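Chemist: Okay, here's the structure, questions in a sec.
The values are calculated or read from the model by the stated rules, or taken from the named source; none is laboratory data. Since this is a predicted model, take the numbers as computed values, not measurements. Here Cβ is always computed from backbone atoms with ideal geometry, including for glycine, and neighbour counts include all displayed protein chains.
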Amino acid sequence: MTRTHEKVSPLPAGKLEGASSSGYTRETAADGVEQAKKLFEGRWKLVILFHLFGGRVLRFSDLERAIPAISQKMLAQQLRQLQSDGLVHRTVHQQVPPKVEYALTEWGQALCPALDSMLTWLTSRPETEKQV
């Protein structure tokens, strides 16, 4: 453990070390990032979300066609996780054959601007760094 020869005074009230204007500290921001990361764990969740943005309502088979590299088992698993996390809403229509539709919840749709900003940020990467 490092020590200092000078006595360090406590921070003034209301001034947390590393606190941003939004009230987050480094620690609380890191915890929030971990929580967000857990919501998107899995190879296909963000792809599924992108297909549902804009108020689109898609059936399971529509998502299968839109994401041809995903297996039925994985698609079902990822949709269940997104549903349990509150990002996707599943609607079952009582008919024969059964009809199941998926759409984003209001909270899931609120992700659109954040992910759009992430894509904008990615496209701003300098060409010299893209080759690395």
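Chemist: With respect to Val92, is the statement that it is in contact with a strand residue (DSSP E or B) (Cβ under 7 Å, 6 or more places away or on another chain), surrounded by 15 or more Cβ atoms within 10 Å (Cβ to Cβ) and of a type in the set (Val, Ile, Thr) true?
Modeler: Criteria not met by Val92.
Chemist: So, Leu111, is that one in contact with a strand residue (DSSP E or B) (Cβ under 6 Å, 6 or more places away or on another chain) and either at pLDDT 95 or above or not charged (D, E, K, R) (or both) or not?
Modeler: Here the answer is no, as Leu111 does not meet what is asked.
Chemist: Can you confirm whether Glu41 is of a type in the set (D, E, K, R), surrounded by 14 or more Cβ atoms within 10 Å (Cβ to Cβ) and modelled with pLDDT of 85 or more?
Modeler: When the stated conditions are applied, Glu41 does not pass them.
Chemist: Please enumerate the residues belonging to the range 29-83 that are aliphatic (A, V, I, L, M), without any contact (Cβ under 8 Å) to a residue 12 or more places away in the chain and farther than 19 Å from Asp116 by Cα.
Modeler: Correct list: Ala29, Ala30, Ala69.
Chemist: Moving to a separate point now. Give the range 68-86 a look and list any residue that's under 18 Å from the mean Cα position of the chain (by Cα) and either under 21 Å from Gln109 (Cβ atoms) or in a loop (DSSP other than H, G, I, E, B) (or both), or say none.
Modeler: Leu75, Gln78, Leu79, Arg80, Gln81, Leu82, Gln83, Ser84, Asp85, Gly86
Chemist: Applying the selection to the range 17-76, what residues are more than 12 Å from Tyr102 (Cβ to Cβ) and polar (S, T, N, Q)?
Modeler: Ser20, Ser21, Ser22, Thr25, Thr28, Gln35, Ser71, Gln72
Chemist: Another one. Of all residues in the range 87-132 being among the charged types (D, E, K, R) and assigned to a helix (DSSP H, G or I), which is nearest to Ser61 (Cα to Cα)? Write out each step before concluding.
Modeler: Looking only at the range 87-132, we keep the residues that are among the charged types (D, E, K, R), and these are 90, 99, 101, 106, 116, 125, 127, 129-130.
Then drop every residue that is not assigned to a helix (DSSP H, G or I), which leaves 106, 116, 127, 129-130.
On the way: Glu106: 23, Asp116: 26, Glu127: 38, Glu129: 39, Lys130: 36 Å.
Going through the qualifying residues, I end up with Glu106.
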